[in-house]
Structures are given as structure tokens and as C-alpha cells.
Amino acid sequence: MESNAKTPPSLTPCDLVVLATLAYRPHHGYDLWKALEAADVADWAPVSRPQVYYSLKKLQGLALIAEKPAASPAAGPKKQVFAATRPGRAALRKNLAEPFWAENRTPPPFTTWAALSLALSEKEKLKQVARRRMFLEKELARERATLKELAPYDAETADLARSLIGLAIDLFRTELAWLDRFEGEIETRSARS
């Protein structure tokens, strides 16, 4: 059977993030966004606050989420609390089972930059490589600090977070090693010129 990996699932990554979060626990819009921010959603999914609200409307229109009565009365204006429906949970499982997630190769922006860097002088390339190195080292330090914060937690969610952070750390280390080689190649070419 031929894979259809280039075809994205029928729900967007943001739709799936919102649906998965609501399948775990009901939220109203602002609370949902705060939960995603606390989970550093921007590090692992292309999601913005406006997209979350758009996804809430879309998912409600598709009957994949539904308004749920609030556990306690709101002190201020009424807030809609949403939860995933049974069809919503089924759609989540179906979309996450698509080959797209396992058989897709999306190039990071720096890879695109490196492929186009022939248009730059050696000095400009080295400046951008140094900028990337500083960024990666800062992100590496941030992820290591997050791992330390997770140390006292012993739950499936914390284990998954540690695993994903470990992957990010490994990717940053690999890219830093590659930057060393790339920088060496640029300097060697520059010395020959």
C-alpha cells in the first residue's frame, strides 16, 4: 500500500493540539491558551493564540468539541467551557494515525538558509553561523533548566516531557557539531581565497 505522507491530516496541527488538550481536560478559551503557554507549545507545535480561538470555533462547528456546563459559576461574564466529544476523540485518533506524522520531512529555516547561503560572502556566512550558535546554546541552556524543573515530578506527562526535551537537547547538540564543521569549511574556503 502506497503511503500518503505528503498529505496533511484533515485537521490542522493547531486543531489537533486544541482537541487533544480538551480531550485531556475541559477548558475555556483563555484557560486553554494559558495551559498551552505553560506547556511551551511554541517549542513543539505551530500554534498561536488567534489560531487557538479559530480552532475552537471550527471544532465546535464540526461537533468535535461541545460546550460543557462550568463546574462553578463564573464571577464575571459567562465563559464557554469546552470538552472533546466522542466523535472528537475518534477524529483525534484518526488524524494522529495518518502517515504524515511519521513520514514527513519539514526543513527547519536554518537548513533553508544554509542551502541559499551561496549568495553570501564568507564573512556574512560566519556572522550568521555565530548567531545560530548563540541561539542554539541559549535554547540548550533553557531546555537543560526545564529538565531540572521536571526532576521532582514522577508522572507519565513528566516522563513524556523529559523525553521530548531530551530529543530537543540531542538535536541542538547535533546541530552545534554540524555548525563546527560548516564553519570550518567556510574558514578553509576563505583561507584559500
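The values are calculated or read from the model by the stated rules, or taken from the named source; none is laboratory data. From a predicted model like this one, the values you see are computed outputs, not experimental measurements. Every residue, glycine as well, gets a Cβ built from its backbone with ideal geometry; the counts of neighbours run over all protein chains shown.
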Handout entry: Among the residues listed as Phe110, Phe182, the single one being farther than 20 Å from Asp40 by Cα, within 19 Å of the chain's Cα centre (by Cα) and surrounded by 15 or more Cβ atoms within 10 Å (Cβ to Cβ)
Key = Phe110
Exercise for the section: Would you check which residues across segment 42-58 are free of Cβ contacts under 8 Å to residues at least 40 places away in the same chain and part of a helix (DSSP H, G or I) and list them? Expected result: Ala42, Arg49, Pro50, Gln51, Val52, Tyr53, Leu56, Lys57
Exercise for the section: For residues that are under 15 Å from Ala63 (Cα atoms) and either within 15 Å of the chain's Cα centre (by Cα) or of a type in the set (A, V, I, L, M) (or both), scanning just segment 8-20, find the one that is surrounded by the most Cβ atoms within 10 Å (Cβ to Cβ). Expected result: Val18
Fill in the blank from the handout: Considering residues that are loosely packed, with under 10 Cβ neighbours inside 10 Å and aliphatic (A, V, I, L, M), the number found within segment 77-107 is 1
Problem - Complete set of residues in segment 43-68 that are touching a Leu at 6+ places or on another chain (Cβ under 9 Å) and of a type in the set (A, V, I, L, M, F, W, C) - result: Trp44, Ala45, Val47, Val52, Leu56, Leu59, Leu62, Leu64, Ile65
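Residue-by-condition table, conditions (1) of a type in the set (Asp, Glu); (2) closer than 20 Å to Pro109 by Cα; (3) in contact (Cβ under 8 Å) with a residue 60 or more places away in the chain:
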position	(1), (2), (3)
Ser121	no, yes, no
Leu126	no, yes, yes
Arg144	no, no, no
Leu150	no, no, no
Leu164	no, no, yes
Handout entry: Conditions (1) modelled with pLDDT under 95; (2) within 30 Å of Arg192 (Cβ to Cβ); (3) surrounded by 14 or more Cβ atoms within 10 Å (Cβ to Cβ): number failed by Arg133
Key = (1)
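Residue by residue, here is whether (1) in contact with an Asp or Glu (Cβ under 8 Å, 6 or more places away or on another chain); (2) outside the structural domain of Ala97 (by TED's automatic domain parsing); (3) closer than 15 Å to Ala90 by Cα; (4) buried (at least 16 other Cβ atoms within 10 Å of the Cβ) holds:
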| site | (1), (2), (3), (4) |
| --- | --- |
| Leu22 | no, no, yes, yes |
| His27 | no, no, no, yes |
| Tyr30 | no, no, no, no |
| Ala35 | no, no, no, no |
| Ala38 | no, no, no, no |
| Val41 | no, no, no, yes |
| Gln51 | no, no, no, yes |
| Ser55 | yes, no, no, yes |
| Leu59 | yes, no, yes, yes |
Handout entry: Flag for Leu171 being aliphatic (A, V, I, L, M) and either in the same structural domain as Asp40 (by TED's automatic domain parsing) or in contact with a helix residue (DSSP H, G or I) (Cβ under 8 Å, 6 or more places away or on another chain) (or both)
Key = no
